[in-house]
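Beneath this line is the structure, given in structure tokens, with notes to follow.
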Amino acid sequence: LGLRPRSLLLHLRVEPGLEKEIRLSDNWSLPAVEEYFRSYATESREVPSLPSAEAIRSSSNPATAARDWLVQLAPDFLIESSPMARYASGNYGKLSSSLFKIIIDELGYGDFERKHSTLFENTMRSAGLNSVPHRYWQYYLNGSLMLANYYNRITRNRKHVFRYIGAIYLAETGFLTSCRIWRDVLKEALPGLDTRYFDEHCHIDIDHSRMALDGLVRPAIETYGNFAANEIVRGFEEARWIGEFAEQDFVRQICWKDSAERNQDHYQQIFLKVRRAWEAGEITKDCLDEPKGELSITHTHDGDELCHVASGEMEFLNGFECSTTLRGNQGIIIEHNRLHGALIHSERCKYEIYNIGDLDRWL
Ligand SMILES: [Fe+2]
Ligand SMILES: [Fe+2]
Ligand SMILES: [Fe+2]
């Protein structure tokens, strides 16, 4: 239930945002799309690493960062091909049959052990994680939710079928390289990891990328012309933009979790200044008094905040598998856009949240 509002909100926000971010020329033709997609395929194969992989590698706790990344992939991978399967019904002519060939691979050709979501369940379990879909919903970052929602949106509303074709070409093509990079870094961080999910995609997506180009992109443009070409490129660009956003969101979250001590130091440095500013009426604060067991479910804020615990004990959650204990006269800076939460451990806990806007202006 807790997932619904945040996920719906992102769903509504994403469309106008993307229209603003991605401006397309409207004269795409089949040869132009083919050339553009081929050059993407070539370039993407040569990508040496990904921001997510570097974040795991350089984290002060690579094993936790690796598990966190598996959690971010889970909203898609544990239900793999579910958005895609929405286009299995209806009649899209030859496109339907081409897409169905990809769907049956994703579903393991009727063999549960080979189903891609089953492979990822094994990956999750081998990392010591629960494999029930959405078990870790409270740890999904906004970027991960946006990405999953994007594929749901363009398959729920069928007017976006051509965008879906562009997005799925991107996914099947980029995945070849991403899966190799992720497999290597995850294995480094979690030596016991079952990587068969990633191994499988390193080879099957060679076929899926070709099938998406030959069986979906080309026939769609041949049959439906310029409109289809423009929409396909738009879907490709939108999915790419959100994918990169999700990578960066994860990078920032790992960095924020690794900075827990520095964020406490910053609190120490600026607290008196912040309190004086509040006394002078320059900024606002919220005062809270909560009982044992009270949970502030994970969320994010648009501006930086300062959390000051007046009395009692709080487990401040910096993110997945990372928390900081705060007692009387201790506190922490909460960076804007970073997922966090809190759980009260003492009979009562009094704390104050100061809306400081931008941390830099206080340092
Ligand atoms: Fe797959
Ligand atoms: Fe695939
Ligand atoms: Fe908060």
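Can you say whether Arg240 is within 16 Å of ligand 2 (Cβ to nearest atom), surrounded by fewer than 19 Cβ atoms within 10 Å (Cβ to Cβ) and under 26 Å from the mean Cα position of the chain (by Cα), as far as the supplied structure shows?
no
Inside segment 298-333, can you point out the residues that are β-branched (Val, Ile, Thr) and within 16 Å of ligand 3 (Cβ to nearest atom)?
Thr298, Thr300, Val309, Thr324, Ile332, Ile333
Looking at Arg156 and the list (1) among the charged types (D, E, K, R); (2) over 20 Å from the mean Cα position of the chain (by Cα); (3) under 13 Å from Met84 (Cβ atoms), which single condition is not satisfied?
All conditions are met except number (2).
For a quick check of your reading: which helices (runs of 4 or more DSSP H) sit entirely within segment 19-109 and have at least 3 residues that are away from ligand 2 (no atom under 16 Å from the Cβ) and of a type outside the set (Gly, Ala, Ser)?
Per the criteria, 30-45, 51-58, 62-77.
Can you name the residue in segment 95-135 that is buried (at least 21 other Cβ atoms within 10 Å of the Cβ) and over 27 Å from Leu216 (Cα atoms) and is also farthest from ligand 1 (Cβ to nearest atom) among such residues?
Ranking the qualifying residues of segment 95-135, first place goes to Met124.
Taking the criterion of being buried (at least 20 other Cβ atoms within 10 Å of the Cβ), within 16 Å of ligand 1 (Cβ to nearest atom) and of a type outside the set (Lys, Arg), would at least one residue in segment 181-189 satisfy it?
Among the residues of segment 181-189, at least one is buried (at least 20 other Cβ atoms within 10 Å of the Cβ), within 16 Å of ligand 1 (Cβ to nearest atom) and of a type outside the set (Lys, Arg), which makes the answer yes.
Condition test on Asp194, is it farther than 20 Å from Tyr109 by Cα and either within 16 Å of ligand 1 (Cβ to nearest atom) or surrounded by 22 or more Cβ atoms within 10 Å (Cβ to Cβ) (or both)?
yes
Residues Ser259, Ser323, Ser311: which one is loosely packed, with under 15 Cβ neighbours inside 10 Å and away from ligand 2 (no atom under 16 Å from the Cβ)?
Criteria check complete, one pass: Ser311.
If you check Thr173, Thr155, which single one turns out to be surrounded by fewer than 22 Cβ atoms within 10 Å (Cβ to Cβ) and closer than 24 Å to Ile206 by Cβ?
Thr155
Could you tell me which numbered condition Asn130 fails, if it satisfies all but one of (1) of a type outside the set (Ser, Thr, Tyr); (2) free of Cβ contacts under 8 Å to residues at least 40 places away in the same chain; (3) farther than 26 Å from Thr298 by Cα?
(3)
Scan Thr284, Thr298 and give me the residue that is more than 25 Å from Leu170 (Cα to Cα) and surrounded by 14 or more Cβ atoms within 10 Å (Cβ to Cβ).
Exactly one of Thr284, Thr298 is more than 25 Å from Leu170 (Cα to Cα) and surrounded by 14 or more Cβ atoms within 10 Å (Cβ to Cβ), namely Thr298.
Name the residue, out of Glu34, Glu19, that is within 30 Å of Arg218 (Cα to Cα) and at pLDDT below 85.
Glu19 is the lone residue from the list that is within 30 Å of Arg218 (Cα to Cα) and at pLDDT below 85.
Taking only pairs six or more apart or across chains, which ones have beta-carbon atoms under 7 Å, a first residue in segment 348-359 that is over 12 Å from Met314 (Cβ atoms) and assigned to a strand (DSSP E or B), and a second residue that is more than 16 Å from ligand 2 (Cβ to nearest atom) and among the aromatic types (Phe, Trp, Tyr)?
So the pair list comes out as Tyr354/Trp278; Ile356/Trp362.
Please indicate, with yes or no, whether at least one residue in segment 162-179 is assigned by TED's automatic domain parsing to the domain that holds Asp76, touching a helix residue (DSSP H, G or I) at 6+ places or on another chain (Cβ under 8 Å) and of a type in the set (Lys, Arg).
Within segment 162-179, one or more residues are assigned by TED's automatic domain parsing to the domain that holds Asp76, touching a helix residue (DSSP H, G or I) at 6+ places or on another chain (Cβ under 8 Å) and of a type in the set (Lys, Arg).
The values are calculated or read from the model by the stated rules, or taken from the named source; none is laboratory data. Since this is a predicted model, take the numbers as computed values, not measurements. Positions of Cβ are generated from backbone atoms using ideal geometry, with glycine treated the same way; all protein chains shown enter the neighbour counts.
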